[in-house]
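Peer 1: If you scroll down you'll find the structure; I have some questions about it.
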Amino acid sequence: MRGRELVCLALLSWTGICMCGAADDDDGFLSAVMEFTGCTDAGEVDGDEVGRLSEYYEHPLMLNYASRSRLLSSGLLSAYQVAVLTDYRERTGDILSFEELAVLDGFGRDFVSGLKYFVSLESHSLPGIPSSRPAAVRNSATFRSGVRTGEDRYGPEGTYSMKYSVRAGERFEAGISMRSAYQESHFPPEKISFHAVLYGRRRPWKILAGDFRLRFGQGLALWPGFSMSGVSTPDAFARKPSGISPYNSYSGEGAFRGIAADFSLKHFTVSAFVSGLGLRDLAEGGKEISPDLLYGLNAGWYGMSGQMSITCFAVTPLVLPAIPSGTGLKEYFPTARISVDTRFSFRGTGLFSEVACDMVSGSIAALAGAVLPVSDGVRAAMMLRYYPPGYSGEYSGAVRSGSRCSNEYGASMALSHSCGRWIDIAGKTGFGSSERRYSGSFSADACYSPEPKYGTDTSSFQVKVIVSEDIRISPYFSLGLRFSGRYRSYGEPVRADVRTDFRTSFGNWKWNLRLNLLHCAGMSALSYLETGYGTGKVGIWLRAGIFRVDDWDDRIYAYERDAPGNFSVPAYYGRGYWTALTAGWKFARGLRLYFRGSFQDYPWLSPSETRKKPARAELKFQLSVDLFSLRRDSGPRSGKTSGPMACRGSP
């Protein structure tokens, strides 16, 4: 070990001691993200989705004040849940507890247990009277930086990122974020995202300029960016489209830059958008610019029992080429698609479907499924999908087994359960502070590709199975078991992954021991011990682990704890060990400080290696602050008293 690594480790230990605890105990945040997205493993979660949910975690969505448009574009609720929520607010007034929210149709205790991390029930009304929306101005800024030893062990590498956002009640919001990654130039930043949104005062409409997401239907036509392949639980089957929503992530993946707007009239909403596909490349520089224009619209009906919408969009080159007669329209419209999607709910049973046509090739793709309650504590889901080889999967993000929504015929099913008596969790109070003794899920997915795929020269198939079970042994101990298996007709046919997590909780102290075995080309293993202490304002997490992975096909992924808005699931390969310290401190007046230090070394050689890999050390720092917050309440009416009647419960 060189002096540089020793200095890094010394700084790591010194900083952790000086902060005397780390970030607030956000251990439940990742569990909420996984439950909310329907995943059983952190490696299945989209990093941008974690960043988006982190913003709601630090600045919760105010359910009693948010407009229908804001609720839909948040992506936290389905259109049916939004309709139920807004109708309930109008009839009975503000929601003052998560127990009250959980009894609404389409919500339920399990869903609200995850949702409560991202929403607020703040209210300025007496029970039975809806609150008028306060005129509030909130803004916040985040700065983070990092340094690590270089790949060649000569000189450190640096990274930095910044983010700023401002929101003025229900009328306006804006934000900007920038990032320069390791091995990239520090100025100008490698990635820049920005947006500004203006919302209607009396009518529900919005106009957005800058970067935005487009997510409609079940993702078969338009749902760009990363999306999970396969399904783990029934909650992952049906998508929750956010329509047009602002984008303020560091990566820029899956975002469009241009102008978009939507307008709602009672149960109908019309959305329109136009984006220059080369605008991001032009701003970031050093890339080949694509002078293409993407434009389209979505028209939908959203009622109490469900929703139905039609989406159409096309891509057109700004510089039209000279095309010989008889060539067709493909050169004028490289991409053109239209889809129809539906989703209905009735007494807890949800039906969803989407049919999309690729206008260029004439191929038609379709999916359909259902999510239904079987009994108290048992939910099931099933889905069929048909993605012909001629269908273009570009800009699509529907459920699938492979990387694209093309050349795949598949079927999926899942079952989740919770049973046994309720057991209080040590160190937790309020809603969500107890769990059933047994909870888990089972899912199976099968797909067939009629044309060559993934380097094969013939048709292929694949079958995946995931089994997950959590056992709450006592208020202090719980056991997590997970098995994932895969068999396919190409590459390494068999892959089996077995994982065990033994978790303990004693007041503010928590421990977790993981054992992970994986078999594919050979046998690999990983294990770590993690301990953490959190009080709600300060906390600390320390992890130490060891791994033995001799083949890249046997790599093991393990989620690494980090500051809010950061997400990392590295692949461990080789023979070595690592240790990491994550810390943070929440000060008064919205000041939050986070730190992470890690060290990884490879002292043992794999059979195929002739020289050891270099050791690596990394330090990361993040500062977040709410710059100011101004509020002008509308004042009491109809006997209403001012002051918060309810707010977000403690996670």
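Peer 1: If I go through the range 588-629 residue by residue, how many of them are farther than 13 Å from Arg148 by Cβ, touching a residue at least 12 places away in the same chain (Cβ under 8 Å) and not aliphatic (A, V, I, L, M)? Steps first, answer last, please.
Peer 2: Going through the range 588-629, the residues farther than 13 Å from Arg148 by Cβ turn out to be 588-595, 601-613, 622-629.
Subset that is touching a residue at least 12 places away in the same chain (Cβ under 8 Å): 589-595, 601-609, 613, 622-629.
Restricting the remaining residues to those that are not aliphatic (A, V, I, L, M) gives 589-590, 592, 594-595, 601-604, 606-609, 613, 622, 624, 626, 628-629.
Residues that pass the stated criteria total 19.
Peer 1: Next question, about the same structure. List the strands (runs of 3 or more DSSP E) inside the range 208-280, counting only whole elements, that have at least 3 residues being open to solvent by 20 Å² or more (accessible area, probe 1.4 Å) and among the hydrophobic types (A, V, I, L, M, F, W, C). I'd like the intermediate steps shown before the answer.
Peer 2: Values: elements: 243-246, 256-265, 268-276.
By residue number, 256-265, 268-276.
Peer 1: For Lys453, all conditions in the list (1) basic (Lys, Arg); (2) under 30 Å from Val355 (Cβ atoms); (3) in contact with a Lys or Arg (Cβ under 6 Å, 6 or more places away or on another chain) hold save one; what is the number of the exception?
Peer 2: (3)
Peer 1: Okay, next question. Since Asp551 meets every condition but one in (1) open to solvent by 40 Å² or more (accessible area, probe 1.4 Å); (2) more than 18 Å from Ser606 (Cα to Cα), which condition does it not meet?
Peer 2: Result: Asp551 passes all but (2).
Peer 1: Only one of (1) modelled with pLDDT under 85; (2) touching a helix residue (DSSP H, G or I) at 6+ places or on another chain (Cβ under 8 Å) fails for Ala583. Which number is that?
Peer 2: That leaves (1) as the condition not met.
Peer 1: Within the range 543-575, can you find the residues that are small (Gly, Ala, Ser) and assigned to a strand (DSSP E or B)?
Peer 2: To start, the set of residues in the range 543-575 that are small (Gly, Ala, Ser) comprises 544-545, 558, 563, 565, 568, 571, 574.
Matches in the range 543-575: Ala544, Gly545, Ser568, Ala571, Gly574.
Peer 1: Across the range 482-508, what is the number of residues that are free of Cβ contacts under 8 Å to residues at least 12 places away in the same chain and open to solvent by 70 Å² or more (accessible area, probe 1.4 Å)? First the steps, then the outcome.
Peer 2: Let us first name the residues in the range 482-508 that are free of Cβ contacts under 8 Å to residues at least 12 places away in the same chain, namely 493.
Retained after the next criterion (residues that are open to solvent by 70 Å² or more (accessible area, probe 1.4 Å)): none.
Total meeting the criteria: 0.
Peer 1: OK, next. Among what's in the range 153-202 and is of a type in the set (Phe, Trp, Tyr) and within 26 Å of the chain's Cα centre (by Cα), pick the residue that is farthest from Ala261 (Cα to Cα).
Peer 2: The initial filter retains those residues of the range 153-202 that are of a type in the set (Phe, Trp, Tyr), namely 154, 160, 164, 172, 182, 187, 194, 199.
From what's left, within 26 Å of the chain's Cα centre (by Cα): 160, 164, 172, 182, 194, 199.
Values: Tyr160: 32, Tyr164: 23, Phe172: 14, Tyr182: 36, Phe194: 16, Tyr199: 10 Å.
Ranking the qualifying residues of the range 153-202, first place goes to Tyr182.
Peer 1: Could you list, in sequence order, the residues of the range 531-542 that are open to solvent by 10 Å² or more (accessible area, probe 1.4 Å) and in a strand (DSSP E or B)? Talk me through it step by step, then tell me what you get.
Peer 2: Applying the first criterion (open to solvent by 10 Å² or more (accessible area, probe 1.4 Å)) to the range 531-542 yields 531, 533, 535-538, 540-542.
Within the range 531-542, Thr531, Tyr533, Val538, Ile540, Trp541, Leu542 meet the criteria.
Peer 1: Under the condition of being modelled with pLDDT of 90 or more and out of contact with any Lys or Arg (no Cβ under 7 Å at 6 or more places or on another chain), which residue from the range 559-578 is most open to solvent (accessible area, probe 1.4 Å)?
Peer 2: Only one residue fits best here, namely Tyr577.
Peer 1: Looking at Phe431, Phe483 in this structure, which one is in contact with an Asp or Glu (Cβ under 9 Å, 6 or more places away or on another chain), at pLDDT 95 or above and more than 27 Å from Ala368 (Cβ to Cβ)?
Peer 2: Phe483
Peer 1: Identify all residues within the range 94-115 that are of a type outside the set (A, V, I, L, M) and over 20 Å from Pro234 (Cβ atoms); write none if there are none. Let's see the steps before the verdict.
Peer 2: The initial filter retains those residues of the range 94-115 that are of a type outside the set (A, V, I, L, M), namely 94, 97-100, 105-111, 113-114.
Asp94, Ser97, Phe98, Glu99, Glu100, listed by residue number.
Peer 1: Just to verify a result, which residue in the range 172-207, among those that are touching a residue at least 60 places away in the same chain (Cβ under 8 Å), part of a loop (DSSP other than H, G, I, E, B) and charged (D, E, K, R), is most open to solvent (accessible area, probe 1.4 Å)?
Peer 2: Arg203
Peer 1: Among the residues of the range 99-115, what is the count of those that are assigned to a loop (DSSP other than H, G, I, E, B) and of a type outside the set (Gly, Ala, Ser)? Steps first, answer last, please.
Peer 2: If we filter the range 99-115 for residues that are assigned to a loop (DSSP other than H, G, I, E, B), which is where we start, we get 103-107.
Those left that are additionally of a type outside the set (Gly, Ala, Ser): 103-105, 107.
The total comes to 4.
Peer 1: Here is a follow-up. Condition test on Ala365, is it on the phi < 0 side of the Ramachandran plot, of a type in the set (A, V, I, L, M, F, W, C), surrounded by fewer than 21 Cβ atoms within 10 Å (Cβ to Cβ) and out of contact with any Asp or Glu (no Cβ under 6 Å at 6 or more places or on another chain)?
Peer 2: Working: on the phi < 0 side of the Ramachandran plot: yes; of a type in the set (A, V, I, L, M, F, W, C): yes; surrounded by fewer than 21 Cβ atoms within 10 Å (Cβ to Cβ): no; out of contact with any Asp or Glu (no Cβ under 6 Å at 6 or more places or on another chain): yes.
Considered against the rule, which asks whether it is on the phi < 0 side of the Ramachandran plot, of a type in the set (A, V, I, L, M, F, W, C), surrounded by fewer than 21 Cβ atoms within 10 Å (Cβ to Cβ) and out of contact with any Asp or Glu (no Cβ under 6 Å at 6 or more places or on another chain), Ala365 comes out as no.
Peer 1: Of all residues in the range 509-519, which are touching a residue at least 24 places away in the same chain (Cβ under 8 Å), touching a Ser or Thr at 6+ places or on another chain (Cβ under 8 Å) and open to solvent by 70 Å² or more (accessible area, probe 1.4 Å)? Please lay out each step first, then the result.
Peer 2: So the first thing to find is which residues in the range 509-519 are touching a residue at least 24 places away in the same chain (Cβ under 8 Å), and the list is 509-510, 514, 516, 518-519.
Then drop every residue that is not touching a Ser or Thr at 6+ places or on another chain (Cβ under 8 Å), which leaves 509-510, 514, 516, 518.
The one that is touching a residue at least 24 places away in the same chain (Cβ under 8 Å), touching a Ser or Thr at 6+ places or on another chain (Cβ under 8 Å) and open to solvent by 70 Å² or more (accessible area, probe 1.4 Å): Trp509.
Peer 1: Quick one: in the range 116-141, which of the residues that are part of a strand (DSSP E or B) and either of a type in the set (D, E, K, R) or within 25 Å of the chain's Cα centre (by Cα) (or both) is modelled with the lowest pLDDT? Spell out the reasoning first.
Peer 2: Initial filter on the range 116-141 (part of a strand (DSSP E or B)): 119-120, 135-141.
Add one more test, that the residue is either of a type in the set (D, E, K, R) or within 25 Å of the chain's Cα centre (by Cα) (or both), and what stays is 119-120, 138-141.
Working: Val119: 89, Ser120: 86, Arg138: 81, Asn139: 85, Ser140: 87, Ala141: 90.
Here the residue is Arg138.
The values are calculated or read from the model by the stated rules, or taken from the named source; none is laboratory data. Computed from a predicted model, the values in this text were never measured in an experiment. Ideal geometry is used to build each Cβ from the backbone, glycine not excepted, and the neighbour counts take in all protein chains shown. Each accessible area value is taken on the protein alone, full model and side chains, heavy atoms only, with ligands, DNA and RNA left out. Shrake-Rupley method; radii C 1.70, N 1.55, O 1.52, S 1.80 Å.
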